[in-house]
Structure formats: C-alpha cells, structure tokens
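Novice: Pasting a structure here, questions to come.
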Amino acid sequence: MPFSAQQTYTIAVQHQQAGRTGQAEALYRQIIAQVPDHADALHMLGVLRSQAGDLQEGAALLERAAAARPGHAIFHLNLGNALKGLRRTDAAIGAYQRAAALGPQLPEAHYNLANAYREVGRLEEAIASYRRAIALKPALVNANFNLANSLRDSKKAEEAIAAYRQTLLLKPDHAGALNNLGNTLQDLGRHGEAVATYRLGLTRIPNQIDLLNNLGNALQKQGDVLEAIEILQRALALKPDNAAALANLGNAYRANHRPDLAAQAYQRALELSPQSDETRWNLSMMQLVLGNLADGWRSYESRIELAKELPRKFDQPRWDRTPLSGQRILLHPEQGLGDSIHFVRYAPLVRARGGVPIVQCHALLMRLFKGQPDFGQIVNMDDPPPRFDLHCPLMSLPLAFGTTLETIPANVPYIAPDPVLAALWRQRVNAASNQRKVGLAWAGNPDNRSDHIRSTTLAALSPLGQVDGVDFFSLQKGPAATKAQSPPSGMRLIDWTNELQDFADTAAFISALDLVICVDTAVAHLAGAMGKPTWLLLPFAPDFRWLLYRPDSPWYPTMRLFRQSEPERWEEPIRQIAAELKSFAGK
C-alpha cells in the first residue's frame, strides 16, 4: 500500500535529520508533485535548496510555502533568510517583519530583521529590533555585538560601550567586541582606556592581529611612540602583509620624526592596498617633508578623494596645466587661513601663464587680498563664484606648476599692507615703544588636529621677557589671546588684538614691528609673505612645508626656523630664540 503524503514527509524529515539530504530532497519533490501546495514539504525543500546554495529556487519554494500557510512565522523567517542571501534586502525586511509580527516571541525573527535594517542603514529600527531580540534571549552574543556596532554607527558611543561590555560578559574572548570597544574609546579620545582594553584582549587572545594593530595605533595617539612601533612590528612579524598595521607603523614612525621609515611603511601598505587614499595622503606628507616635491605633490592629490579638505564641486573642468589664453580660472581654498596665504603666491603666476585668476578666500582675508593688485579678482568663499571657465584648488597649484625645491616661487614680499593703515599702526607702535618691537603669537587654531603639537603657551615664552631692549606686542587671537592680560614676569606685552578685525589689520600691525616670533600658524605665513623677519617655533615632527633640519625656509626667505629636538619640549628652541633675541636687541 503506497505511503500518504504525510507519511512520506515524515520519512523525508528523518532522512534530513540524519544528514541524507539527497534522499530527503527527492521525497520532498515527490510530495510536491502529488500535492503542489504542501506547505511543509515546500518549506523544508526550500530550506534544503537554500543551504545548498541555490537561493533562487530556495526563495521560490519558500514563497510558495508562505503563501500556502501565511500564518506560520518560521516560513517567513526562512524566506527572509533566502531573500537576504539574494541581496533582495527590502523584500527580506518585509518577510522578517511578517515573521516578527506572527511570532513576537521568536528572537531570531527580531535579530534577523535587525541585521537587515542595519544593512540598509536604518539604524534606529535596527537598534530597536536588536533590543527586542535580546530581551527575549539575553544570551544572544551576536545580537549584543551588532547592537553595539549599530549604536556606535549612530554616534551613541556610551551606549555602544555598554553593549560591547555586555557582549564580553557573555563571551570574554570575542575579538570583535574587544577591538570595537577599544576603537570606540579611541573615538572619544580615551586612549588610555583603549590601550587597557586592547591589552586585556591580548591576554585573552594572544597575538590577535587586529588587537595588536589597534593597540599600536592607540599607543601612538597616546604619545607612547616607541612602544607603538614595537607592537606594530610584532603584528607585522605575524602577518607581514597586513596593510593596516603597515599604515599605522608609518604613523608611528612619522610621530617619531622618522619620515624615511614612515615613507617606506606607507609605500609597502599602498602596494598591498593601492586604493587607500588616506595612506597615500600620509605618504605625500613624508615625501614633501623629505624634499621629494615631484612625487609628493602627486600623492597629495589623494586628499581630494578623501573629501576631508575639499568640499567644493564644480561643473567646470579643473585646470590640467594646459596653456591659458584669457580663461577665467577660479582658485579656491580648502584648508586653513595660513594655507591660503602660503599658496596664493601662485595667483600672479597663473596670470603670467595667460589666465585670469579669481581667488576665493575666507572673509578674514578678503580686505587683505583685495589690496594685492597681482592676485586678480577676490571673492568670498561663502558666496556663489562669478563666471569662470576652469578651476584649481590653491593647494594643487604647486603640482600644476611642477614646483621643486629649486623652483619654489619665493619672491617676497608678495603681500603688502594697506599703506594708510600701515602708517597709522607705525605711528601708534612707535609712540608706545622706543625699543625693539617684537610681535608674539604662541598658539594656533585649537580645532586643527595638529594643534596640540604645534602650539605652546605664553608662560613657556617667559625667557624672552628677560631680554633687555625689547617690547612685545601680542598678535595672538582666539582662546589663547586672554593670556596676554597676564604676561610672564619681566615681559612688557602690549595687547591691541581686540582692534584686529581681519588680516588686513594684522598685516598693517606687523609692518610696524621689527620682528615676529610665533608658532606655526597663519601669523607666520602672513609675516613671511610680507618679507618681515620671522622666527618660527616648530614641533619635533613639523608640517611638510618646513622640511627637515634646515634653519631656513625656501618658501619664506626672511624666516628662521627653531625646531624642537624632543617631542613636546619647547625649552631648547625657546632658549635659542632668547639668545638670538639678545643679539637682535643689541643692534
């Protein structure tokens, strides 16, 4: 007597449970041939075909099963899995939503729905669904981990930290949670806690590459550069082709003022991961500081792909060094005020090439730049630009002109103050002092990511106040300007900076001084562009434009460079300046 469809189904399930999937599949197909809407056979065959990698047939069978028995949550759950495997994520979300509605106590339905939401960027819905899954089944490790990741992506760092820690309570050696917990702490600038987290992880998972790499990165950011190098070399000994570890090793060498070794590490990282614009940008910094300008300017273009520095997009083509014959070329800024002052020197060269320069600039530079007849038309960067034919970022002009160390356009002054303003400031400064008149600026923009290494304090400049024959004038703007009200003992510091409304005022003020002493900020570029004697304090690992070791700058002929010999130690270069200032004051 032949078996009924239900009896055959029972036998098929037994085959499947015993791992005899071929026999099970044949029986499921036999049932479906006899009873096309047999929901259980359609479902089980759909699961088998999906597990075998045939997601197309699997999804089709599961859709038929769900249609035959629409109120069964598991059918919709497995249909969602097949659809997600086919990258039909929106359809998968619909299936998971149906499964969760039919089986509100089914944690897998909420968890899989959350994963699908996360995949399409619906993070708030993902977070809610992960929380529902965890409420039903608190021990779901990956639900806790993915919740933490979603919270981190949603910029809810403290909640993410709590969720990572919960994941680690469930699975102490969860590599992803250990790494991402540390990474989240780094996001918050809590590098010490991050270091402790990575170290804990390495006690649980010795020689885990990502933990070693992240530990090295955190140590470097914390300032423990030598240990960072040691840890990253350990990671690379285990996996020499780890591009991320090589890039981080480059960062550590860079912080340790070893640009040659940093460049080698970045080059090797790029060989392994040639699409990394961030690594190429870091390489450009090393190439430039080493004086390899030809390669450095080319690599420096990667900053545009990073989209960190150049938000402007234009329909007009970018100038590609082709000859110019009357075309109007928009020269637009992208970084700091000092960078605009530094690279605007190329505007007259564009004019000499036959172009008609239109220079965009920050409002604080408008009046100053308008006073320079060779710069062309000056427009506010916040306003729509006038008609133009071509464009070029200011900081891409050295590449366009093929600038090398020997061909740097260094004719100063290329910026002059307004003569009326300059005369007024000269009269006022001379009335205030009959000694050497020295401008001081000790801090840059605190929002600059390198400000912590390039800025000092007014108190640190106290040795300068012991030099006779000198009066100081504050050029400091921003939060650090308030310190001018309480200068170090012995320093006569006159502060009129509240009257400096823009860089036109600052330029006129500087023109009345004998010397400017400052850190690497816009004041340095302005004084250098004006041809004013300028003494510049530089950090141990300087910005690319200051090159290495030399006491002068090929960009600014009237500038002298005083460099740290140890990271974050200003005592030695300040002592050097104080000694030089004694000679300067005695002239």
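The values are calculated or read from the model by the stated rules, or taken from the named source; none is laboratory data. For clarity, every value in this text was computed on a predicted model and none was experimentally measured. Note: ideal-geometry Cβ built from the backbone for every residue, glycine included; neighbour counts use all protein chains shown. For the accessible areas, the whole protein counts, side chains as well, though only heavy atoms, and no ligand, DNA or RNA atoms are used. Shrake-Rupley method; radii C 1.70, N 1.55, O 1.52, S 1.80 Å.
Novice: Test of understanding: what is the full-extension gain from L238 to Q7, defined as 0.36 nm times their sequence separation minus their Cα-Cα distance?
Specialist: Numbers: separation 231, 0.36 × 231 = 83.16 nm, distance 5.69 nm.
Using 0.36 nm per residue and subtracting the Cα-Cα distance, I get 77.5 nm.
Novice: Using the crude model of +1 on Lys and Arg Cβ and -1 on Asp and Glu Cβ, and no other charge, please compute the dipole size for region 1-108 relative to its Cα centre, in debye to 20. Can you show the working numbers first?
Specialist: Working: 9 positive and 8 negative charges, 18 e Å.
For region 1-108, the charge dipole is close to 80 debye.
Novice: Considering the options P479, L324, Q222, tell which one lies farthest towards the positive end of the dipole of the chain, charges being +1 on Lys and Arg and -1 on Asp and Glu at the Cβ, about the Cα centre.
Specialist: Projecting each Cα onto the dipole axis, the largest value belongs to P479.
Novice: Considering only DSSP beta bridges whose two residues both sit in the chain, what percent are antiparallel, to the nearest 5? Present the calculation step by step, with values, prior to reporting the outcome.
Specialist: Values: 1 of 34 bridges.
About 5 percent, rounded to the nearest 5.
Novice: Roughly how big is the chain's charge dipole about its Cα centre, with Cβ charges of +1 (Lys, Arg) and -1 (Asp, Glu), in debye to the nearest 20? Could you put the intermediate results ahead of the total?
Specialist: Numbers: 61 positive and 57 negative charges, 24 e Å.
Value, rounded to 20: 120 debye.
Novice: To the nearest 0.05, what FRET efficiency results for R318 and K155 with a Förster distance of 35 Å applied to their C-beta separation?
Specialist: Working: r = 34 Å, r/R0 = 0.97.
The value I calculate is 0.55.
Novice: Among P206, Y164, L188, which residue has its Cα positioned farthest towards the positive end of the charge dipole of region 125-225, with +1 placed on the Cβ of Lys and Arg, -1 on the Cβ of Asp and Glu, and the dipole taken about the Cα centre?
Specialist: Going by the charge dipole, the pick is Y164.
Novice: Something else: Run through region 466-549 and list the trypsin sites (Lys or Arg not before Pro) located in a DSSP loop whose Cβ has at most 14 other Cβ atoms within 10 Å. Spell out each step's value before the answer.
Specialist: Numbers: sites: K477, K483, R492, R545; in loops: K477, R492.
Passing both the DSSP loop test and the Cβ count: R492.
Novice: Still on this structure, I have one more. Which value, in Å³ per residue, describes the convex hull spanned by the Cα atoms of the chain? Intermediate values should be presented prior to the final figure.
Specialist: Working: hull volume 118.8 nm³, N = 587.
Roughly 202 Å³ of hull volume per residue.
Novice: Take each of the peptides 278-287, 497-506, average the number of other beta-carbon atoms within 10 Å over its residues, and list them starting from the highest.
Specialist: Numbers: 278-287: 22.9, 497-506: 16.9.
With the highest mean Cβ count within 10 Å placed first, the list reads 278-287, 497-506.
Novice: Per 5 Å bin, what is the whole-percent P(r) computed from every C-alpha pair distance within region 319-421?
Specialist: For region 319-421, the pair-distance distribution reads 2, 13, 25, 26, 20, 10, 3, 1, 0.
Novice: Among S450, N434, T403, whose Cα lies farthest out toward the positive end of the dipole of region 399-454, if unit charges sit on the beta carbon of Lys, Arg (+1) and Asp, Glu (-1)?
Specialist: N434
Novice: Moving on. Please report Rg (one decimal) and Dmax (integer) in Å for the Cα set of region 484-587.
Specialist: Cα only, region 484-587: 14.2, 37 Å (Rg, Dmax).
Novice: Moving to a separate point now. For region 53-179, restrict the atom set to alpha-carbon positions and state the Rg and Dmax in Å.
Specialist: According to the Cα coordinates of region 53-179, Rg and Dmax are 15.2, 46 Å.
Novice: With a 1.4 Å probe and all protein chains kept in place, how do Y130, Y253 rank by accessible area, largest first?
Specialist: Details: Y130 0, Y253 30 Å².
Descending accessible area places them as Y253, Y130.
Novice: Then there's this: How are the Cα pair distances of region 376-466 distributed, in percent, across 5 Å bins from 0?
Specialist: 2, 7, 9, 10, 13, 19, 17, 11, 6, 2, 1, 0
Novice: Where does region 132-252 land on Rg(C-alpha)/(2.2 N^0.38 Å)? If you can, show how the numbers build up before the last one.
Specialist: Details: Rg = 14.7 Å, N = 121, 2.2 N^0.38 = 13.6 Å.
Relative to the rule-of-thumb radius for its length, region 132-252 sits at 1.08.
Novice: On to the next question. Which sequence of E301, E124 reflects their accessible areas, 1.4 Å probe, from the largest down? Show your work: numbers first, answer last.
Specialist: Values: E301 35, E124 105 Å².
The ranking, largest first, comes out as E124, E301.
Novice: So, one more: How much accessible area per residue does region 449-587 have, counting only protein heavy atoms and a probe of 1.4 Å, in square angstrom?
Specialist: Values: 5470 Å² over 139 residues.
With the other protein chains kept in place, region 449-587 gives 39 Å² per residue.
Novice: Are there chymotrypsin sites (Phe, Trp or Tyr not before Pro) in region 1-85 that DSSP marks as loop and that have at most 16 other Cβ atoms within 10 Å, and which are they?
Specialist: Details: sites: F3, Y9, Y28, F75; in loops: F3.
Of the chymotrypsin sites (Phe, Trp or Tyr not before Pro), the ones in loops of region 1-85 whose Cβ has at most 16 other Cβ atoms within 10 Å are F3.
Novice: Right, something else. Can you order the peptides 422-434, 139-151 by their average number of other Cβ atoms within 10 Å per residue, highest first?
Specialist: Working: 422-434: 14.8, 139-151: 22.3.
For the peptides 422-434, 139-151, the packing ranking is 139-151, 422-434.
Novice: Provide, as a two-decimal number, the C-alpha radius of gyration of region 373-527 over 2.2 N^0.38 Å, N being how many residues it has. The partial results should precede the final answer.
Specialist: Working: Rg = 18.1 Å, N = 155, 2.2 N^0.38 = 15.0 Å.
Ratio of Cα Rg to 2.2 N^0.38 Å: 1.21.
Novice: Take the Cα gyration tensor of region 1-70, multiply each eigenvalue by 5, square-root it, and list the three semi-axes largest first, rounded to whole angstrom.
Specialist: On the way: eigenvalues 65, 47, 15 Å².
So the three semi-axes of region 1-70 are 18, 15, 9 Å.
Novice: Mind ordering 58-66, 197-205, 11-19 by average Cβ neighbours within 10 Å, highest first? Please list the in-between numbers first.
Specialist: Working: 58-66: 23.8, 197-205: 18.9, 11-19: 14.6.
Result, highest mean Cβ count within 10 Å first: 58-66, 197-205, 11-19.
Novice: For a 31 Å ceiling on Cα separation, which of these pairs sit above it: K370/K532; K84/K313; K171/K221; K437/K483; K370/K477?
Specialist: Working: K370/K532 20 Å; K84/K313 36 Å; K171/K221 28 Å; K437/K483 19 Å; K370/K477 22 Å.
In this structure, K84/K313 exceed 31 Å between Cα atoms.
Novice: Rounded to the nearest 10 degrees, what's the angle between the helix 277-289 long axis and the longest principal axis of the chain, both from Cα atoms, 0 to 90?
Specialist: 20 degrees
Novice: Multiplying the sequence separation of K370 and A352 by 0.36 nm and subtracting their Cα-Cα distance, what value in nm do you get?
Specialist: Gain on extension, K370 to A352, equals 4.6 nm.
Novice: Show log10 I(q)/I(0) for region 217-340 at q = 0.15 Å⁻¹, two decimals, from a solvent-free Debye sum over equal Cα scatterers.
Specialist: These q points yield log10 I(q)/I(0) values of -0.77.
Novice: Translational diffusion coefficient of region 54-101 at 4 °C, 1.567 mPa s, Stokes-Einstein with Kirkwood Rh over Cα pairs, in µm²/s as a whole number. Spell out each step's value before the answer.
Specialist: Working: Rh = 10.0 Å.
This corresponds to a translational diffusion coefficient of 129 µm²/s.
Novice: Here's something else I'd like to know. Using only alpha carbons, build the gyration tensor for region 97-167 and give me the equivalent ellipsoid semi-axes, biggest first, whole Å.
Specialist: Numbers: eigenvalues 76, 38, 11 Å².
Working through the eigenvalues yields semi-axes of 19, 14, 8 Å.
Novice: Mind putting a number on the dipole of region 210-265 about its Cα centre? Charges go on the C-beta only, +1 for Lys and Arg and -1 for Asp and Glu, and I need it in Debye to the nearest 20. Don't jump to the answer; show the numbers that get you there.
Specialist: Numbers: 5 positive and 6 negative charges, 16 e Å.
Charge dipole, region 210-265, about its Cα centre: 80 debye, nearest 20.
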